[in-house]
Structure formats: structure tokens, C-alpha cells
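Have a look at this one.
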2 protein chains.
Amino acid sequence: MIIPRLFLFISFFSLVLCNEKFNSHVLPRPLILETTQLRELDNEVQLQCTSWRFGVEANNLNPWKTIPLECAEYVKDYMLGRAYRLDLERVSNEAGIYAKSLELSGDGKDIWVFDVDDTLLSHLPYYADHGYGLEIFDPAEFNRWVDKALAPAIEPSLKLYKEVMGLGFKVFLLTGRSESQRSMTEENLINAGFQNWEKLILRGSEDHEKLATVFKSDKRSEMVKEGYRILGNSGDQWSDLLGSFMSNRSFKLPNPMYFIV
Amino acid sequence: MIIPRLFLFISFFSLVLCNEKFNSHVLPRPLILETTQLRELDNEVQLQCTSWRFGVEANNLNPWKTIPLECAEYVKDYMLGRAYRLDLERVSNEAGIYAKSLELSGDGKDIWVFDVDDTLLSHLPYYADHGYGLEIFDPAEFNRWVDKALAPAIEPSLKLYKEVMGLGFKVFLLTGRSESQRSMTEENLINAGFQNWEKLILRGSEDHEKLATVFKSDKRSEMVKEGYRILGNSGDQWSDLLGSFMSNRSFKLPNPMYFIV
């Protein structure tokens, strides 16, 4: 907490100095911030960053490249604390309730689409080493992490995965990862506890230039043309969920660390 | 704060008693909750209700009838405090940035669609008298309030409204209100500072049975057939924004008080 606190302190103090420009004191002001001032500052950061996070999750901020500098500590606390886990559990539970409410046709054409990265597999270990979204995304570095196939399961998503499979849904995995990453993706998924998916769809050579929304819409369009009914869709990015051939119901997992167009 | 605190106190105490069932004490426990315990309880409610609100704003909770009882005070504090205003300002600013980034054709066919209730006009005065979403929605009572035409403007939305109009967008107002409420709706909008909209579209007799998403999609379909390009859409409900003929970009205003299917 020391460095961010110091940063906030300096920011706050710069603001104070800035306001003093037109109302200058002759005597230098003592470099003291009282506990109550620090607490107010914390509350203000909390308020602003929660507002920013809601902007992200409601898809009002679009696109964005890195988290705001002043929210670095907030995002870290959120990701490592109970709030992120609670949000993951809630979205998994809600999706489960919805899934159970449906009457499936029994013809094997009712499907649930899952995104992979930060929907089924967690990249929190990677982002913990990269400022929780504070650093500009480095695809080469990220791919080295992906190739290790060490990403752990997002447990509430694994629970939902097993639940919908138990209900009779076919599961389609639709990921922005490249076809060249198929084997390590399969390995990682299996090691994390995911099994028996119907299809794992990755970006082929013809898909690499497409925006995620377009790529995923194209693939959903193919599913529909093959007679599948997309009844549920889970993803941590709005680009997993919006576009054409959208699912009846979509479930947005929280992710305040990065944004994919 | 006294009644909700008492409620929390009782809930907490029931939980304690419940846990004690299998580990019973012979002596009665004193009815004392320490300040730190109350603070932890507050933190827990804060955490749970923020998670609930995230679920609402990301459209993961769908449908819901009333706010959770334990979030009554949380929602009230949110609506009356700075957080709601900050969220409104953020969504208005983001929409403004997006609007300015577009190059309009100049043929008068570029439009911005606004919902009315709790997007342009605020029903906070009504909901303040009805538990901020804790009470089951009473359409007759609500319509009596609407008929008074006293709803104030949501100021950040009025700012955006003027901004997009200044940029050359035509503004379409698309509301779930009934055609029979046209005159009071116009009166209320004008008194609140909204002017010069291109069209105000309300539910006609043929629309009354439609879900909001269907009604609004049908109306957007008509706009597109008339050659309009829907470049922006602002609404406090996901049913304002999702469906068919969706806008290029949608802006979800916060509303943790009620949900419209």
C-alpha cells in the first residue's frame, strides 16, 4: 500500500498546490495529511473507481486500453478480495437458475457457449505479475504464459459448466485464441477439470484480422446454420456476447483488468 | 438507519442463534453487538449489495421484481448519494465522447434514441416514497405520478441530449408509456428542458401486450426501414437497448430500483 498511498498523497498534494496558485500563501505549508484526509481520499478513490468499474461492466466504456492509474490498488484489491469471487459466484448461480428453467428438446441441438480466457480459465496469475491491467497488453508475453497451459479454473464457471452439461446442453467453447494454440488450450482445459465439450473453436487463419465481436458472431452464425440453438452464453467480455446470432440469455463475468474489442 | 440496522441486527443474531443450534450454550448470550461487529456487518452488506448491483447493471439478473430486502438501505444511499450522480455523469460523458467521434452524413438520417423514464426524466421523487424499489411496482399509483408531469430532468442526460442535438443528430424518444400519456409526457419533457425532438414514440393499442424489448425492437426496425441510422441509444433498462436493430453503441444508465422485461 505504501507506493499507491504515496502516489495518492502526491496527487492530492499537487491538487492542493494547484488550487493554491491563485490564493498563494507566503509561508510554506507543512507536508502533513491527517488521517481523516487520507480516509476521505480513500473514500473518493473507492467511489470513483467503483463508478469506473460499473462503466466497464455495463459496457459504457468502450474501448479502453489500461485501467486508470488511480484505480490500480482498487482493481488489485477487487481481484484478490472476496468481491471478485462473489461476483463470479453470483453470475454462475444466475446462469444455473436460468439453465434449469429451460426445457431442452433432447435432440442434442441445445447449446451453451463459453468463452475460455477469464471465463473458464483464470489469467489472474499472469495479471498479478503485470499490474492487474495497469500495463499495456503485451501479446507476446501473454502468449508465453498461455503456452505454459497453467491457468487455473475459475471454479464457479467449472461448476456451471458441469451443471449445464448435466442438464443435457452441448457445450461449445468459442475463444479468440489462435488455432496454433489448440493443443495447449486443450491440455490446460483438461488439467483444470473441463471435459467433454462438443467443439472447441479457435481463430483460423481467415479470422485473424476480425474484431472479436465479428469473429464470434460469424462462428455463432455457423452454429445456428448447423441447427444448434444457442440458449446460453458466458463471457467476460462484451465482445463474447454482443453482435449477431446472440444467445437468448448472456452472462457477463466480471473483468476490470482488460478490454477486448 | 434505525429500522434497517435493527433488521440487520436481528438477521445477524438469528444467524448466530442458528449456528449455535449444534453448539448450544446453557447461558443466554447478551444482546450486545460490538461496534466492530456492526462495522463488519455493514461491510458485508456493502459487499453483497455491490455484487447484486453489478449483476443488475451487467444484465445477469433478469428478471427481478424488487430489490433484496437487505439492500434497501444500500440502494437508498446509492440513489441519494454521489455514486448515482457520478455514474450518470460518466455514462453521459462517455456517450458524448462517442457522439463527437462520429462523422455524420448530414442527410438528417443519423439518430440518437433516448428512453424517457429514468433516462431523461427522473422518478426518484416517486421511488423515494416507495422504498426505492423495495415495494412491488404498482402501475396505477405510478401512472398517477406520471400524470402529474412533475418528474425532473436527469441533468447529465439533458446535457447529452443538447450535445447530440448540437452535433446534428435527430433525436427519437422511445418510451414504454402509453399513447394516452402523450400530452403529459410532452408537457413534462418540455418543463424539464427537453426540446425539438424529432419523434416521441409511445405504445399504441397494438403494442400493449408486447414485452418492452419486442416493442422497442419493432419501433427501431421501423426507424431503420425509414432510412434512419441508429448511431446511439441511451436507456436505463437493458430492454431499451437489446433485441433487434440495436444501435451501434448503447449506453446503459444505472438503475438499481426496478427492472422492466
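To the nearest Å, what is the center-to-center distance of the range B:224-257 and the range A:136-190, using C-alpha atoms only?
The range B:224-257 and the range A:136-190 have Cα centres spaced 32 Å from each other.
Can you show me the helix-derived [θ] at 222 nm for the protein assembly as shown, built from DSSP H runs with n ≥ 4 at -39,500 (n - 2.57) apiece and divided by the number of residues, rounded to the nearest 500.
Details: 20 runs with 252 residues, N = 522.
One gets -15000 deg cm²/dmol as the mean residue ellipticity at 222 nm.
For B:59-70, what's the mean count of beta carbons from other chains sitting within 10 Å of each residue's beta carbon?
The mean count of partner-chain Cβ atoms within 10 Å per residue comes to 3.
Largest first, what is the accessible-area ranking of B:200, B:150 with a 1.4 Å probe?
Working: B:200 10, B:150 115 Å².
Highest to lowest solvent-accessible surface, that is B:150, B:200.
Using θ = phi - 60° and the Karplus form 6.51 cos²θ - 1.76 cosθ + 1.60, what ³J(HN,Hα) does each residue of the range A:66-77 get, whole Hz, x for Gly and Pro?
Along the range A:66-77, the couplings run 9, 6, x, 3, 6, 9, 4, 5, 4, 5, 4, 4 Hz.
May I pose another question? Taking only Cα atoms, what is the 0 to 90° angle, nearest 10, from helix A:155-167's long axis to the longest principal axis of chain A?
So the inclination is approximately 20 degrees.
Where does the longest stretch of chain A lie that holds no GluC sites (Glu not before Pro) found in a DSSP loop with 10 or fewer other Cβ atoms within 10 Å?
Working: sites that count: A:34, A:103, A:209, A:226.
Answer - A:104-208.
With a 1.4 Å probe and every protein chain left in place, tell me how much accessible area residue A:217 has, in Å² to the nearest 10.
Estimated to the nearest 10 Å², residue A:217 gives 10 Å².
Follow-up. Would you pull out the residues with amide H under 5 Å of residue A:229's amide H, same chain only if 5 or more places away, H placed 1.01 Å from N?
For residue A:229, the qualifying residues are A:110, A:111.
Moving on. For the range A:43-56, just list the computed ³J(HN,Hα) in residue order, Karplus coefficients 6.51, -1.76 and 1.60, θ = phi - 60°, integers in Hz, with x standing in for Gly and Pro.
4, 5, 4, 4, 5, 5, 6, 5, 4, 4, 5, 5, x, 5
Still on this structure, I have one more. Solvent-accessible area of residue A:101, probe 1.4 Å, all protein chains present, reported in Å² to the nearest ten, please.
80 Å²
Please determine, in degrees from 0 to 90 and to the nearest 10, the orientation of helix A:182-191 with respect to the longest principal axis defined by the Cα atoms of chain A, where the helix direction is its Cα long axis.
With both axes taken from Cα atoms, the answer is about 80 degrees.
Mind putting a number on the dipole of the range B:83-252 about its Cα centre? Charges go on the C-beta only, +1 for Lys and Arg and -1 for Asp and Glu, and I need it in Debye to the nearest 20.
Details: 21 positive and 28 negative charges, 105 e Å.
Using only the charged Cβ atoms, the result is roughly 500 debye.
Determine the share of the protein assembly as shown's accessible area contributed by carbon and sulfur atoms, expressed in whole percent, with a 1.4 angstrom probe. Walk me through the numbers before you get to the answer.
Working: 14640 of 25730 Å².
Heavy-atom surface of the protein assembly as shown belonging to carbon and sulfur, 1.4 Å probe: 57 percent.
So if I place +1 on the C-beta of Lys and Arg and -1 on the C-beta of Asp and Glu, and nothing else carries charge, what would the dipole magnitude of the protein assembly as shown be about its Cα centre? I want it in debye, nearest 20. Intermediate values should be presented prior to the final figure.
Numbers: 58 positive and 74 negative charges, 32 e Å.
Rounded to the nearest 20 debye, it is 160 debye.
Distances from residue A:179 to the same residue in each other copy, label points 7 Å out along Cα→Cβ, in nm, shortest first?
When each copy's label point is compared with this one, the spacings are 5.5 nm.
Tell me, what is the 1.4 Å probe accessible area of residue A:35, in Å² to the nearest 10?
For residue A:35, solvent-accessible area is about 90 Å².
Okay, moving on. Which cross-chain or sequence-distant (5 or more) residues have an amide H under 5 Å from the amide H of residue A:251, H modelled 1.01 Å from N in plane?
When sequence neighbours closer than 5 places are left aside, the close amide H contacts are A:233, A:234, A:235.
Sticking with this structure for a sec: How would B:213, B:36, B:119 line up by accessible area, probe 1.4 Å, largest first?
Working: B:213 45, B:36 80, B:119 0 Å².
Output order, biggest surface exposure first: B:36, B:213, B:119.
May I pose another question? Give me, ordered by chain and number, the residues 5 or more places off residue A:174 or on other chains with an amide H under 5 Å from its own placed amide H.
Result for residue A:174 returns A:114, A:115, A:116, A:201.
Quick one: 3J(HN,Hα) in Hz for the range B:131-143, Karplus 6.51/-1.76/1.60 with θ = phi - 60°, rounded, Gly and Pro as x.
Result, ordered by residue: x, 6, x, 7, 8, 4, 4, 10, x, 5, 4, 5, 5 Hz.
Put a point 7 Å out from Cα along the line to Cβ at residue A:37; what are the distances to that point in the other copies, in nm, shortest first?
Copy-to-copy label distances for residue A:37: 3.8 nm.
Can I ask one more? Once both labels are modelled 7 Å past Cα along the beta-carbon direction, what's the residue A:47-residue A:155 spacing in nm?
If labels sit at residue A:47 and residue A:155, their model points lie 3.5 nm apart.
So, one more: Leaving out ligands and nucleic acids, and using a 1.4 Å probe, what accessible area per residue does the range B:83-252 come to in Å²?
Accessible area per residue: 43 Å².
Which distances in nm, rounded to one decimal and ordered from shortest, link the label point of residue A:80 to the equivalent label points in the other identical copies, with labels set 7 Å from Cα toward Cβ?
Sorted ascending, the copy-to-copy spacings read 3.6 nm.
Now a separate question. Mind computing the radius of gyration and Dmax over the alpha-carbon atoms of the protein assembly as shown? Å is fine for both.
24.9, 82
How much of the pair distance distribution for the range A:67-111 lies past 11 Å, counting alpha-carbon pairs only, in percent?
Numbers: 721 of 990 pairs.
Result: 73 percent of Cα pairs exceed 11 Å.
While we're looking at this one, here's another question. D for the range A:84-252, whole µm²/s, Stokes-Einstein with Kirkwood Rh over alpha-carbon pairs at 20 °C and 1.002 mPa s: what number? Could you put the intermediate results ahead of the total?
Details: Rh = 16.3 Å.
In µm²/s, the coefficient rounds to 131.
With axes computed from alpha carbons, what is the tilt in degrees of helix B:82-101 against the longest principal axis of chain B, rounded to the nearest 10 within 0 to 90?
Tilt of helix B:82-101: around 30 degrees.
Of all DSSP beta bridges located in the protein assembly as shown, what percent are antiparallel, nearest 5? Could the numbers behind the result be given before it?
Numbers: 2 of 38 bridges.
Of those bridges, close to 5 percent are antiparallel.
Roughly what % of DSSP beta bridges within the range A:84-252 run antiparallel, to the nearest 5?
Values: 1 of 19 bridges.
In the range A:84-252, approximately 5 percent of DSSP beta bridges are antiparallel ones.
Let me ask you something else. How high is the relative contact order of chain B? Use alpha-carbon pairs under 8 Å, at least six apart in sequence, and give a whole percent.
On the way: 329 pairs, mean separation 62.1, N = 261.
With pairs under 8 Å counted, the relative contact order is 24 percent.
The values are calculated or read from the model by the stated rules, or taken from the named source; none is laboratory data. The model shown is predicted, which means the values in this text are computed figures rather than measured ones. Using ideal geometry, Cβ is built from the backbone for each residue, glycine included, and neighbour counts are taken over all protein chains shown. Note: accessible area is taken over every heavy atom of the protein model, side chains too, but ligands, DNA and RNA are not part of it. Shrake-Rupley method; radii C 1.70, N 1.55, O 1.52, S 1.80 Å.
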